[in-house]
Amino acid sequence: MKKKSILGLLVVLIIFGLSFCKSDSSKKNAQDQTLEELPEEMNYEEMTYFRFPSPEEIFGFIEGSNIEFIPSIVNEPENYKSYSNSRIQALNLGVYFSDLAYITLFEKREETFLYFTAIHQLCNNLTISAAFTEALLDRVHNNLDNVDSLVSISGDAYRNIINYLVINKKENTLTLMGIGAYVESLFLSISTIEEYSNKNELVQKIADQKYAYENLYNYSVQNLNNEYDKEYIEIIKNIKSVYDKMETIKIEDTKMSKNEDGKLILSGGIKLVMSEDNFNELKEIVTKSRNEIIK
Amino acid sequence: MKILVRVIILILFSLPLIGNSQNCDNFFETSCILPSNWDYEINSQSMNIPMYSGQSFKYSAVFYEGLEYSICFCAEEGLGNIRYRLLSTDVYLDQIFNSDFDSNMAHMEFINKNTRIILVEVQVLREQGKRIDPTDKKCLGIIIGQKKIEDEW
């Protein structure tokens, strides 16, 4: 019996050993190459990593600039049941994260659980349930009375999903989720403004999202490579093109200086000016794109 | 014989760990010690990158107006010292901060008065004479912290 166990272990060890030797030999070959000879995917010399804020961070930035709560503009949480295509599911996963950030901003506790449930279900459908577990949903349930905890859980859930998708090389899904989240957050912000005013602080904060769209666009171009996904890059490209039409005014040279407490202050740069025409065009494109995504 | 069995079991269990040694999943979340009194919220733009000594890369992130930020670099042991600089992307790429002038500090903090993209150029320094080995990857964590400004400026 003992001999059989040892024999079994040795067989497994040999199998492991063989696979290990294989990767070791590829390692040896790569070591012999110079940096210039390395395949493109291994040469990170010119690699740029583009990052953009989460929906929770976007609404944290917008908070306080007279954004209103309009219950009818969020995507209904039970709509997740009608999303059968994985691309649409990924886009709407992002949409629901933005809806969640929006409703938690206004402390709508009852609705919060429904949105967490929709996110959980979409994760199941996308076979990424390990990124949003039942335990996390239980944590939501146990903290429904504590808005700060819900905001924190929402942030944790978003980061968990990002980590999970990156680890599992599902950048494609992550990009679609980002596109859905950004279109929805812009739609929610812009839909609460009935009439344009250049004195409206929210208009300025919507204008400032140009930078996040720039990075999301570059990230999308890096990660959405197949033909089926090109139409989603177009959504971001169209929104970005409206942003690119905005006037820019140089405040002063960007500079880092120290204040009297010795803290570094980064000042200067460019002020983005969103005209009424820019605003209306952006509203039209965003509304159209968003309605396409959630239908 | 018992010893042989134990050795085999030990090798079997350690194989997956050896295989994942260049896997940087959750590196900064589990392996980095943040500066004491670091009272920032971790921003979702933080990330882990597998790197080798001598490698450089660029990192582009969005920084909102009216927030105080902290940028921390956390390198796995043996990776090497980190050199970095922040570049403004307004019109041209202009240097706004260079770690060389601040004794290679592993983190820096600043108050941001205008929403902007900052491009961070990062280089992992390698010991002089040491050969670049792209297969010898270790982890680098870039941790962005943010908080609301305590006092109005």
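The values are calculated or read from the model by the stated rules, or taken from the named source; none is laboratory data. The model shown is predicted, which means the values in this text are computed figures rather than measured ones. Note: ideal-geometry Cβ built from the backbone for every residue, glycine included; neighbour counts use all protein chains shown. For accessibility, only protein heavy atoms count, side chains too; no ligands or nucleic acids. Shrake-Rupley method; radii C 1.70, N 1.55, O 1.52, S 1.80 Å.
Here are the numbers:
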read-out	value
Pairs with Cβ under 7 Å, 6+ apart, first in region B:110-122 and more than 7 Å from chain A (Cβ to nearest Cβ) and touching a residue at least 60 places away in the same chain (Cβ under 8 Å), second of a type in the set (Gly, Ala, Ser) and crowded, with 20+ Cβ neighbours inside 10 Å	B:Leu119/B:Ser60
Among (1) open to solvent by 10 Å² or more (accessible area, probe 1.4 Å); (2) at pLDDT 95 or above - the single one A:Ile236 does not satisfy	(1)
Region B:87-97, subset open to solvent by less than 50 Å² (accessible area, probe 1.4 Å) and more than 8 Å from chain A (Cβ to nearest Cβ), residue nearest to A:Lys210 (Cα to Cα)	B:Thr89
Region A:77-117, residues that are among the hydroxyl-bearing types (Ser, Thr, Tyr) and under 19 Å from A:Val286 (Cβ atoms)	A:Tyr96, A:Ser98, A:Tyr102
Some residue of region A:274-287 being in contact with a Leu (Cβ under 6 Å, 6 or more places away or on another chain), more than 10 Å from chain B (Cβ to nearest Cβ) and on the phi < 0 side of the Ramachandran plot	yes
Residue match in region A:124-139 (condition: open to solvent by less than 10 Å² (accessible area, probe 1.4 Å), closer than 29 Å to B:Ile144 by Cα and touching a residue at least 60 places away in the same chain (Cβ under 8 Å))	no
Residue list for region A:43-69, filter: under 24 Å from A:Lys210 (Cβ atoms) and more than 8 Å from every other protein chain (Cβ to nearest Cβ)	A:Pro55, A:Ile58, A:Phe59, A:Gly60, A:Ile62, A:Glu63, A:Gly64, A:Ser65, A:Asn66, A:Ile67, A:Glu68
Any chance A:Glu252 is at pLDDT below 95, of a type outside the set (Val, Ile, Thr) and more than 18 Å from A:Glu195 (Cα to Cα)	yes
Check on A:Ser84, assigned to a loop (DSSP other than H, G, I, E, B), open to solvent by 50 Å² or more (accessible area, probe 1.4 Å) and away from every other protein chain (no Cβ under 11 Å)	yes
Region A:239-293: number of residues that are closer than 30 Å to A:Asn85 by Cβ, of a type in the set (A, V, I, L, M, F, W, C) and open to solvent by less than 30 Å² (accessible area, probe 1.4 Å)	5
Qualifying residue in region A:200-214 (condition: among the acidic types (Asp, Glu), within 22 Å of A:Phe61 (Cα to Cα) and either modelled with pLDDT under 95 or surrounded by fewer than 16 Cβ atoms within 10 Å (Cβ to Cβ) (or both))	yes
